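K.L.:
Sharing a structure below in structure tokens format, with a few things to ask.
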Amino acid sequence: MELAGVAVVTGGAGGIGRAMGERFGRAGMRVVLADVEQGALDRAVDELRSQSLEVTGVVTDVARYEAVEALRDRTLELYGGVNLVCNNAGIGAGAEGALWEHELNDWRWAFGVNVYGVIHGINAFVPAMLAGGQEGHVVNTSSGNGGASPLPGTPQYAVTKAAVVTLTECLYAQLQDSGAPIGASVLFPGPHMLRTGIFTSWRNRPAELAKEKPRTTPYATIEDIEAQMRAAGVEPTYTEPAEVAEQVAAGVVAGDFWIVPASAQTDGQIQARAESMLKRENPTYLRAVPG
């Protein structure tokens, strides 16, 4: 597929989403950015328009299907069709303590955004893409944390990102069987950590899914995670969101399902997990901290 036509990116106010919107806009696509934060979204749209890119912002809570339907309707109203959908919005639940002590609302919030947000994007946009009959592509953002192997201390995030991989595999197979000119990809951003708003996603936690018990420790910051990594003997390194956007653009053009940057670490995790399963051995590859 060529990078042409209309692109929709959720989680588009910052980080990977904003970078993808800019990359697609520079390729000549008309871009619709969706995000739950009005102020941040307005700033992103203004910045990209200042570069003479055609960008529209639509405030969207991807956990609510009616909001994603409204995003689709606004996109079709503006442009009459859509060619590329990036279901990128995601949060880290930030639960503390042992998994069996986590509140059910931690799970509900994570699944609502990270899994149902992708399902909502598929259900709202794929029928419109099929009806349009043009070349199209869907990119769903997963993570090496869960997609390759989980970090045990972040179960909500890891479980939801593992679900995105399986969901996208099913989507890809069904689109292939349908004969439609629409592809699908799963994205593992990287190969290193990214400094994005996901580390402070608690700021957008809805009141109806608020924690019932007060936290005993502050939410972990990126600096806290860096300190944990260094204590484990791992020096943190970072990937720029613009680099991830380039990987996505190349993957879409090539029709790649796996948009997974080359990484000895990720490859090693995938291999270790597969070998554990094939040998029916207990897992020894689980890590406490990223890196």
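The values are calculated or read from the model by the stated rules, or taken from the named source; none is laboratory data. Since this is a predicted model, take the numbers as computed values, not measurements. Every residue, glycine as well, gets a Cβ built from its backbone with ideal geometry; the counts of neighbours run over all protein chains shown.
K.L.:
If you go through the stretch 278-289 one residue at a time, do you hit one that is closer than 30 Å to residue 128 by Cα, surrounded by 14 or more Cβ atoms within 10 Å (Cβ to Cβ) and either of a type in the set (Lys, Arg) or touching a residue at least 60 places away in the same chain (Cβ under 8 Å) (or both)?
P.N.:
No; the residues of the stretch 278-289 include none that is closer than 30 Å to residue 128 by Cα, surrounded by 14 or more Cβ atoms within 10 Å (Cβ to Cβ) and either of a type in the set (Lys, Arg) or touching a residue at least 60 places away in the same chain (Cβ under 8 Å) (or both).
K.L.:
Return only the number of the condition from (1) surrounded by fewer than 24 Cβ atoms within 10 Å (Cβ to Cβ); (2) farther than 15 Å from residue 206 by Cα that residue 88 does not satisfy.
P.N.:
Every condition holds for residue 88 apart from (1).
K.L.:
Please state which one of 88, 83 is among the polar types (S, T, N, Q) and out of contact with any His (no Cβ under 8 Å at 6 or more places or on another chain).
P.N.:
None of the other options fit; the residue is 88.
K.L.:
Give the residue that is modelled with the lowest pLDDT, with candidates limited to residues of the stretch 140-165 that are surrounded by fewer than 24 Cβ atoms within 10 Å (Cβ to Cβ) and over 21 Å from residue 262 (Cα atoms).
P.N.:
153
K.L.:
Select from the stretch 111-144 the residues that are within 16 Å of residue 93 (Cα to Cα), in a helix (DSSP H, G or I) and among the small types (Gly, Ala, Ser) and list them in ascending order.
P.N.:
First, the residues of the stretch 111-144 that are within 16 Å of residue 93 (Cα to Cα): 111-117, 142-143.
In the following step, the residues that additionally are in a helix (DSSP H, G or I) were identified as 111-117.
The answer is 112, 117.
K.L.:
Take residue 237 and tell me if it is β-branched (Val, Ile, Thr) and exposed (fewer than 15 other Cβ atoms within 10 Å of the Cβ).
P.N.:
Numbers: β-branched (Val, Ile, Thr): yes; exposed (fewer than 15 other Cβ atoms within 10 Å of the Cβ): yes.
So residue 237 passes the test.
K.L.:
For the stretch 59-106, what are the residues that are touching a helix residue (DSSP H, G or I) at 6+ places or on another chain (Cβ under 6 Å) and assigned to a helix (DSSP H, G or I)?
P.N.:
Listed by number, the residues that qualify are 65, 68, 69, 72, 99, 105, 106.
K.L.:
Just checking, which of 259, 225 is over 17 Å from the mean Cα position of the chain (by Cα), in contact (Cβ under 8 Å) with a residue 12 or more places away in the chain and surrounded by 12 or more Cβ atoms within 10 Å (Cβ to Cβ)?
P.N.:
Exactly one residue qualifies, and that residue is 225.
K.L.:
Follow-up. Could you count how many residues in the stretch 1-42 are more than 20 Å from residue 193 (Cα to Cα), of a type in the set (A, V, I, L, M) and under 18 Å from the mean Cα position of the chain (by Cα)?
P.N.:
Qualifying residue count, the stretch 1-42: 10.
K.L.:
I've got another one for you. Looking at (1) farther than 19 Å from residue 63 by Cα; (2) touching a strand residue (DSSP E or B) at 6+ places or on another chain (Cβ under 9 Å), can you tell me which one residue 168 breaks?
P.N.:
(1)
K.L.:
What pairs come up if the first residue lies in the stretch 154-182 and is in a loop (DSSP other than H, G, I, E, B), the second is surrounded by 13 or more Cβ atoms within 10 Å (Cβ to Cβ) and of a type in the set (D, E, K, R), and their beta carbons are under 6 Å apart, counting only those six or more places apart or on different chains?
P.N.:
Close Cβ pairs satisfying both conditions: 181/135.
K.L.:
So which of 37, 54 ends up being farther than 22 Å from residue 165 by Cα, in contact with a helix residue (DSSP H, G or I) (Cβ under 8 Å, 6 or more places away or on another chain), surrounded by fewer than 18 Cβ atoms within 10 Å (Cβ to Cβ) and free of Cβ contacts under 8 Å to residues at least 40 places away in the same chain?
P.N.:
That would be 54, the only listed residue that is farther than 22 Å from residue 165 by Cα, in contact with a helix residue (DSSP H, G or I) (Cβ under 8 Å, 6 or more places away or on another chain), surrounded by fewer than 18 Cβ atoms within 10 Å (Cβ to Cβ) and free of Cβ contacts under 8 Å to residues at least 40 places away in the same chain.
K.L.:
For residue 195, work out the one condition from (1) part of a helix (DSSP H, G or I); (2) in contact with a strand residue (DSSP E or B) (Cβ under 7 Å, 6 or more places away or on another chain); (3) at pLDDT below 90 it doesn't fulfil.
P.N.:
(1)
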